[in-house]
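**Student:** Dropping a structure here in structure tokens format, bear with me for questions.
The values are calculated or read from the model by the stated rules, or taken from the named source; none is laboratory data. Here the structure is a predicted model, which is why all the values come from computation and not from measurement. For neighbour counting, all protein chains shown are included, and Cβ atoms are generated from backbone atoms with ideal geometry for every residue, glycine included. Only protein heavy atoms, including side chains, enter the accessible area calculation; ligands, DNA and RNA are left aside. Shrake-Rupley method; radii C 1.70, N 1.55, O 1.52, S 1.80 Å.
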Amino acid sequence: MKNIPHDYYLRFLDHSVYDAVLEFHCKGNFIFHEAFQACTGLHSLDQKRLKQLTGNELVLYPDMDITVELDFSEEDRASWLYRNESCEKFSPEPLAFKSLNKLVAPLVSRSIGGNKRGYPSAGALYPVEIFVCSLTDYNTDWPTHGNILHLLPKSRKFEVLQKKVDLEDVKAAILNSPQEIGLPSLAIIYAVYIPKNLFKYRYRGYRMGLMEVGSIYMLIEIQAKQLGLACRPWSAYTDSMVCKLLGVNPALFFPVCVHLIGKQHETG
């Protein structure tokens, strides 16, 4: 079988494992919708308490000074490899399609026909599916009228989603949040196709899928920095709306993270 259909993996699942992982994953879903804005919340903490609890390091022995200083020179710091800070506000500038090609280059197979990619995957299962969504009409040089593409890393191609999607529906599914962040050019959706990990690694496969997403989006962050693009990992979306947008089954495809990409809004 040259190309395995995605539901073929269901033949090899232990369904008790699948049901337990699905139930756990759903506990982490958010609902962003104007109908619920006045009656839902994450917590009851005030800003003073939040400031105290966030951005801190976890010291195991807070009453004991048993630390060893890290010694870095300014020359050392200049050579560090790191991501840029998350973009606070995007500019509604277009992103050339050739820039998108360069952006995802670290994710494709290193050799034609090979399996190895630029990130690790347990057992070479590669359960993370990567969808690229255009968020603006200004991206006029896309080679297709569709505004959602699915990356095929081994083939080094984009698969065009056979589903007509209105641009406003794309933005509603991904950017339906009270935060004002401007208008990014792209949203990359990292969705774990969970049967590809569970059939071999059972419960631990869920953890491995999350590890893989982290590896992928950090690669994209570093590549975007090289290309002069701004990024922001994004979790302010509703899983079911994103899956409906992509036309995939939310019980099989778990959207783990959305990555917003574009140009930094210049202030002043």
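**Student:** Going toward the positive end of the dipole of the stretch 181-267, with +1 on Lys and Arg Cβ and -1 on Asp and Glu Cβ, which of F254, L198, S215 do you reach last?
**Tutor:** Selected residue: L198.
**Student:** Given a 10 angstrom Cα cut-off, can you work out which residue in L125, L58, L246 is the most mobile in a GNM of the chain?
**Tutor:** Among L125, L58, L246, the largest GNM mean-square fluctuation belongs to L58.
**Student:** Moving on to the next point. Classify the stretch 68-165 as rounded, prolate or oblate from the Cα gyration tensor: take a ≥ b ≥ c as the square roots of its eigenvalues, call it rounded if a/c is under 1.5, otherwise prolate when a/b beats b/c and oblate if not.
**Tutor:** In terms of gyration-tensor shape, oblate.
**Student:** Now a separate question. When you count, for each residue, the other Cβ atoms within 10 Å and take the mean per peptide, how do 24-30, 83-89, 206-212 rank with the highest first? Display every interim value, and only then the final one.
**Tutor:** Working: 24-30: 12.1, 83-89: 14.6, 206-212: 19.4.
Most protected by this proxy first, the peptides run 206-212, 83-89, 24-30.
**Student:** What shape does the stretch 135-202 have by the C-alpha gyration tensor, where a ≥ b ≥ c are the square roots of the eigenvalues, rounded means a/c under 1.5, and otherwise prolate means a/b greater than b/c and oblate the rest?
**Tutor:** Cα axes put the stretch 135-202 in the oblate bin.
**Student:** Carbon and sulfur: what percent of the chain's accessible surface (1.4 Å probe)? Mind showing how you got there, number by number?
**Tutor:** On the way: 8860 of 16900 Å².
Exposed carbon and sulfur together represent 52 percent of the surface.
**Student:** From the Cα gyration tensor of the stretch 135-268, with a ≥ b ≥ c the square roots of its eigenvalues, which class applies: rounded if a/c is under 1.5, or else prolate if a/b is larger than b/c, or else oblate?
**Tutor:** prolate
**Student:** Count the DSSP beta bridges whose two residues both fall in the chain, then state the antiparallel fraction as a percent rounded to the nearest 5.
**Tutor:** 95 percent
**Student:** Using only protein heavy atoms and a 1.4 Å probe, report how much of R156 is accessible, in Å² to the nearest 10.
**Tutor:** 110 Å²
**Student:** Mind listing which GluC sites (Glu not before Pro) in the stretch 138-210 are in a DSSP loop and have 13 or fewer other Cβ atoms within 10 Å? Before the final figure, lay out the partial values.
**Tutor:** On the way: sites: E159, E168, E180; in loops: E180.
Loop-located and lightly packed - E180.
**Student:** Let me know the charge dipole size of the stretch 196-238 about its Cα centre in debye, to the nearest 20, where only the beta-carbon of Lys, Arg (+1) and Asp, Glu (-1) is charged.
**Tutor:** 280 debye
**Student:** Okay, helix-only estimate at 222 nm for the chain: each DSSP H run of n ≥ 4 adds -39500 (n - 2.57), divide by all residues, round to 500 deg cm²/dmol; what do you get? Mind dumping the intermediate values first?
**Tutor:** Numbers: 8 runs with 77 residues, N = 268.
It lands at -8500 deg cm²/dmol.
**Student:** Can you tell me what percent of all Cα-Cα pairs in the chain are more than 33 Å apart? Display every interim value, and only then the final one.
**Tutor:** On the way: 10081 of 35778 pairs.
Considering the chain, 28 percent of its Cα-Cα pairs are separated by more than 33 Å.
**Student:** With +1 assigned to the C-beta of every Lys and Arg and -1 to the C-beta of every Asp and Glu, and no other charges, what is the dipole magnitude of the chain about the Cα centre in debye, to the nearest 20?
**Tutor:** 1300 debye
**Student:** For the ranges 195-203, 214-222, what's the packing order if you count other beta-carbon atoms within 10 Å of each residue, average per peptide, and put the highest first?
**Tutor:** On the way: 195-203: 19.8, 214-222: 18.1.
Ranking the peptides 195-203, 214-222 by packing returns 195-203, 214-222.
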